[in-house]
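Novice: Before we start, here is the structure in question, set down as C-alpha cells.
The values are calculated or read from the model by the stated rules, or taken from the named source; none is laboratory data. Fair warning: this is a prediction, and the values are worked out from it, not measured in the lab. Neighbour counts run over all protein chains shown; Cβ positions are idealised from the backbone, glycine included.
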C-alpha cells in the first residue's frame with residue numbers, strides 16, 4: 001500500500017493507493033485549523049480509515065463521493081454508523097446510490113467546506129450519470145472521470161460517452177499546475193499535472209465529439225487499446 005501526502009496552506013491531502021479488490025485510491029482532506037477530515041470515496045476498509053484519522057488527532061466529519069459505483073461507496077454506511085459523518089454527492093447521482101445512509105446533494109459550481117478548506121464542485125457526468133469532481137487549492141479529485149493518460153469507461157448504469165466528452169471539455173479549463181487525483185492508479189505514473197495531461201491524455205486531446213465517441217467505443221469493444229502513457233494527436237489519428 002503506497003501513500004502520498006501533499007501539505008497545502010489550509011489542508012493536507014493524503015492518499016492511500018491500491019486499496020481493496022479494485023485497488024482504489026482513497027483520499028483524505030485534513031483541515032489544519034479545525035482538525036476535521038473529509039474522506040473521498042471510502043471503500044473496502046472502514047476500520048483502517050477511521051483509525052488512521054483518529055490516530056492523527058483528527059475527527060472524521062464528512063464523506064465526499066465522486067460517483068455511486070460500489071467500489072467507491074461500499075464502506076460508506078459502516079463509516080456513517082461509526083462516526084455520524086455527513087455524506088455529500090452530486091444531485092444527479094442520488095437515484096443510483098446503493099447505500100442506506102441519506103446524503104446531502106450538491107450541484108455544479110457549488111462550494112463546500114471541510115473546516116476552513118474550500119472545494120468547488122464540477123459536474124462531470126459520463127462515467128456515471130451524476131459524477132462530480134472536487135477542486136481544491138492546487139489539487140482536483142476527479143474520481144474515475146479522468147486517469148493518468150486515460151479516463152473512465154461508460155459501460156455501467158448511467159454511463160454516457162457523449163456526456164463524458166462534455167465533462168472532459170470542462171477539465172481543460174483547470175489550471176495547468178493543478179494536480180489531478182484519480183480513483184485508481186491505472187496510469188504509467190502516479191503524480192501528474194493538468195498541464196501534462198492536456199499535452200498527452202488522449203481523452204483531453206480529442207476535440208471533436210464524433211472522434212471522441214469513436215475512440216471510447218473502440219476501447220469498450222476491445223478494438224483500441226487503453227492508453228496508459230502519453231500520446232500525440234498524430235498517434236490518435238492513426239488509431240482512429
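Novice: For residue 141, only one of the following conditions fails: (1) under 11 Å from the mean Cα position of the chain (by Cα); (2) over 24 Å from residue 36 (Cα atoms). What is its number?
Specialist: (2)
Novice: Next question, about the same structure. Quick one: how many residues across segment 28-49 are more than 19 Å from the chain's Cα centre (by Cα) and either assigned to a helix (DSSP H, G or I) or modelled with pLDDT under 95 (or both)?
Specialist: 2
Novice: Okay, next question. For segment 130-149, which positions are touching a helix residue (DSSP H, G or I) at 6+ places or on another chain (Cβ under 8 Å) and on the phi < 0 side of the Ramachandran plot?
Specialist: 130, 131, 132, 133, 140, 142, 144, 145, 146, 148
Novice: Suppose the filter is touching a residue at least 60 places away in the same chain (Cβ under 8 Å), assigned to a strand (DSSP E or B), buried (at least 21 other Cβ atoms within 10 Å of the Cβ) and within 16 Å of the chain's Cα centre (by Cα); does residue 181 pass it?
Specialist: yes
Novice: Next question, about the same structure. Out of 71, 62, which single residue is part of a strand (DSSP E or B) and modelled with pLDDT of 95 or more?
Specialist: When all the criteria are applied, what remains is 62.
Novice: Quick one: which of 152, 84 is out of contact with any helix residue (DSSP H, G or I) (no Cβ under 6 Å at 6 or more places or on another chain), buried (at least 23 other Cβ atoms within 10 Å of the Cβ) and closer than 23 Å to residue 16 by Cβ?
Specialist: Residue meeting the stated conditions: 152.
Novice: Another question, then. Only one residue in 52, 120 is assigned to a helix (DSSP H, G or I) and under 26 Å from residue 179 (Cα atoms). Which one?
Specialist: On the way: 120 fails: assigned to a helix (DSSP H, G or I).
After applying the criteria, what remains is 52.
Novice: Would you be able to tell me the number of residues in segment 90-109 that are outside any loop (DSSP other than H, G, I, E, B) and touching a helix residue (DSSP H, G or I) at 6+ places or on another chain (Cβ under 6 Å)?
Specialist: 1
Novice: Within segment 160-178, count every residue that is farther than 16 Å from residue 127 by Cβ and either out of contact with any helix residue (DSSP H, G or I) (no Cβ under 8 Å at 6 or more places or on another chain) or buried (at least 20 other Cβ atoms within 10 Å of the Cβ) (or both).
Specialist: 2
Novice: Here is a follow-up. Being at pLDDT below 95 and surrounded by fewer than 21 Cβ atoms within 10 Å (Cβ to Cβ): is that true of residue 188 here? Show your work before the answer.
Specialist: On the way: at pLDDT below 95: yes; surrounded by fewer than 21 Cβ atoms within 10 Å (Cβ to Cβ): yes.
Yes; evaluated as a whole, the condition is true for this residue.
Novice: Quick check on segment 34-44: of everything there that is out of contact with any helix residue (DSSP H, G or I) (no Cβ under 7 Å at 6 or more places or on another chain) and surrounded by 19 or more Cβ atoms within 10 Å (Cβ to Cβ), which residue is nearest to residue 21 (Cα to Cα)?
Specialist: As a first pass, look at segment 34-44 and keep what is out of contact with any helix residue (DSSP H, G or I) (no Cβ under 7 Å at 6 or more places or on another chain): 34-36, 38, 40, 44.
Of the ones still in play, those that are also surrounded by 19 or more Cβ atoms within 10 Å (Cβ to Cβ) are 36, 38, 40.
Values: 36: 28, 38: 23, 40: 17 Å.
If we take residues in segment 34-44 being out of contact with any helix residue (DSSP H, G or I) (no Cβ under 7 Å at 6 or more places or on another chain) and surrounded by 19 or more Cβ atoms within 10 Å (Cβ to Cβ), then 40 is nearest to residue 21 (Cα to Cα).
Novice: Go through segment 198-239 and count every residue that is in a helix (DSSP H, G or I), over 21 Å from the mean Cα position of the chain (by Cα) and either under 15 Å from residue 146 (Cβ atoms) or free of Cβ contacts under 8 Å to residues at least 40 places away in the same chain (or both). Talk me through it step by step, then tell me what you get.
Specialist: First pass over segment 198-239, keeping only residues in a helix (DSSP H, G or I): 198-200, 202-205, 209-220, 233-239.
Next, only the ones that are over 21 Å from the mean Cα position of the chain (by Cα) stay: 209-211, 213-215, 217-218, 233-239.
Now drop any that are not either under 15 Å from residue 146 (Cβ atoms) or free of Cβ contacts under 8 Å to residues at least 40 places away in the same chain (or both), which leaves 210-211, 214-215, 218, 233-239.
Final tally of qualifying residues: 12.
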